[in-house]
Amino acid sequence: MHSDMMRDYLAEMREQMDRIERAVLQMEAQGSSTGTVDPNTINSIFRAFHSIKGTSGFFEFKKIVSIAHQAETLLAQIRSGEMAFKNEMSDAFVQACDCIRNLVDSVEASGAESGHEEFAARVIEGFKKFSPIIEPVAQGVSWGLFPKKAKAAPPKRNPDLTPAMLSHFVSSTGQSINRICEDLRASSNGEASRKILSDLEALAEGCQVLGLEQTQRFFLKCQSFLSEAPTPDRNTVLASVLSRANASLAQLPDESSLDALMQALVLPNKTPETENQSREFESGFRSERQDIRIATSKLDSMMNLVGELVVAEALVTQHKDLIGHVGPGFLSAARHLGKIVRSMQEVALSMRMVPLSSVFQRINRLVRDLSNKSGKKVRLSIHGEETEVDKTIAELIVDPLVHIMRNAVDHGIEKSEERLRVGKNETGEITLTALYSGNEVHIVIEDDGGGLSRERIIKRAVAQGLIADGQELRDDEVWELIFRPGFSTAETVTDISGRGVGMDVVRRNISSLSGRIDVQVKPGRGTRFILRIPLTLAIIEGLIARIGGVHFVVPMMDSTQSLRHSAVGMTRMTDGGTLAQYRDQFFPVVSLAELLKIPQARETITEKSLIVQVKHSGKTIGVIVDELLGNQHIVVKPMGGLVAKTPGVSGCTVMGDGGVALILDVGHIAQLVSYDEVPREANRQVVGSGVHI
């Protein structure tokens, strides 16, 4: 099998699964709130399963074809009104998605849909509970709708074709034909024609299942007629023929009248005017293409090249040999080049940006399953799913969101009877929101449960030896304890949560993204987690600082302000560290010159020293630098070899003069600083000049 074809198939299958799952959850919500389901939602699920069946049939993946076909059968009955939708059906469709995902994973791993026979059989049995015309899979019978032969014999008339089934087929096919005729008359581009071709193929496959050979040939002939070269003339002829087909369908199972209709699929004589219209229409059909799939590795390579271009542009325009030899023409050309490079940079970044909708959709499914498993009524509201982040970030935030949602359902949301007792709605509300804030994306997870219990957290922390009994802690320090490895306030371990590993993963993953987590608690009213993450990891905005002969970059998302030494009170702590006081706030400071043993740096703090105040994971520290050179966007480069694990450094970048600047890892620096002697009253009262330990 051609690798490109298989790669496209796998990508399409996963996209279709996401589309089905999203629509099924939407259908379930509609049924719960209004008792009725939007027909467009049902149609979208039907079309997705049909696409899965058609594409998988080409590769002869029989299990996938069978599951998709049975799902189609049940959806067809719902679409026609023969059967009402029930929320219990959602489980059957969701299970079908899970099974097809497993089979697709098997195809990716081995090239064949091996295993999962029992799961697939359970899925079809689940459909069988709602539709008597669905046949279960018998033991020892091979999977698939069609026998695996090079040239299969034409299918015979289905002996089980009942008058009711035939009436349903005629009715649903008539509706499809009317819709196709409307599309043909309104069609003005190739995309619409591709949809019509897909609909005709679906009708032909339905005829094959029922054994209506002549009707199947008629729809295949219509498909072939349109696909030769879609033009206004062909649309008109096909719409006319299809509109007359309804009368022939009413005579089924007699198919003899369809022969005359197939003979009518002939184009009229063309005039020069219609010839030009057809040529323009056909040209539009061939050129219509909205998107293509590109391997992520190619995007990464292009991003690296654009980064190199940014550096090369700075090296050329700021080269020392140009000093004193630059004329107005060169400056104008350099500005134009810089504009083009910045535009390329923005385009390259945007190509890696993906909406959070796919991530949020997985969370929607997770909350649904957790609600059913825990026996709690929970509703998830999603806002800002169109917000875009770098593809790498989108992949890495899935685990943190999963763990936070597990805790929200298991620990945060109360049982219905408890919620009613305290005057709340019996259904718990969890809100998932994404929004832009400068160069960051804020993802907010908020529930209306009981909120984190300060007393329980402190009691458990004392029991685990994390803090001393009677130790005073601010609220933010208490909430910080839940991110310790192995920490949990759960009395019992469940299959949802309670082992104390989830929030540790949250902190680790968010820190790896150079992000931060804020926790806000309203006792008895709920908890809010705010994940602050950068839009992209490839290019960041940084504050350029000099320490001795070395340049550093402080990420702007971590820095809060810069202070002159003269405006800050300084003193030495008993452990040898330095403590600063600015207005009503105390915070420890660290000298990078001492930490990294930087040559030519000032060994002591002087009046000319500057303090850059940074904040990470609720900790505020000051970084002492010699000089600030401004802020700019930089291309992040990884560090390798012997310097890969330099403390306090996460990467590097190439400056305009060709020099290298190190990017500070504020999170790691914060871990190296002692907080044991920082006065806790600092944030609650204004202190006079000087610091008193």
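The values are calculated or read from the model by the stated rules, or taken from the named source; none is laboratory data. Keep in mind it's a predicted model, so treat the numbers as computed, not measured. In this analysis, Cβ positions are derived from the backbone assuming ideal geometry, glycine residues included, and neighbour counts consider all displayed protein chains. Note: areas computed on protein heavy atoms with side chains; ligands, DNA, RNA excluded. Shrake-Rupley method; radii C 1.70, N 1.55, O 1.52, S 1.80 Å.
Some points to look at:
- Of the GluC sites (Glu not before Pro) in the range 387-465, those whose Cβ has at most 14 other Cβ within 10 Å and which sit in DSSP loop: E426
- The range 336-487 - accessible surface per residue (Å², probe 1.4 Å): 49 Å²
- Virtual spin-label span in nm between A112 and K339, 7 Å along Cα→Cβ: 6.1 nm
- Set K129/K221; K53/K86; K53/K221; K128/K415 screened for pairs whose C-alpha atoms are more than 32 Å apart: K129/K221; K128/K415
- Relative packing of peptides 178-185, 296-303 - highest average C-beta neighbours within 10 Å first: 178-185, 296-303
- Nitroxide proxy distance, nm - points 7 Å out along Cα→Cβ at D321 and T236: 6.9 nm
- Extension gain, V505 to N102: 0.36 nm times the residue separation minus the Cα-Cα distance gives 142.5 nm.
- Exposure ranking of V636, V341 by accessible area [1.4 Å probe, largest first]: V636, V341
- For the range 78-92 versus the range 548-570, the inter-centroid distance based on Cα atoms is 62 Å.
- Distance from the range 374-418 to the range 205-225 (C-alpha centre basis), Å: 46 Å
- Amide H to amide H, with H built 1.01 Å from N, L543 comes under 5 Å of V554, M556, counting only residues 5 or more places away or on other chains.
- Take the Cα of K522, step 7 Å toward its Cβ, do the same at Q464, and the gap between the two points is 2.8 nm.
- E82/S358 FRET efficiency (R0 25 Å; Cβ-Cβ; nearest 0.05): 0.15
- The stretch between M165 and Q26, if pulled fully straight at 0.36 nm per residue, gains 47.1 nm over its current Cα-Cα span.
- T646-R122 FRET efficiency (beta carbon distance; Förster radius 35 Å; 0.05 resolution): 0.05
- Potential lengthening between A11 and L349 on full extension [0.36 nm per residue; Cα-Cα distance subtracted]: 119.5 nm
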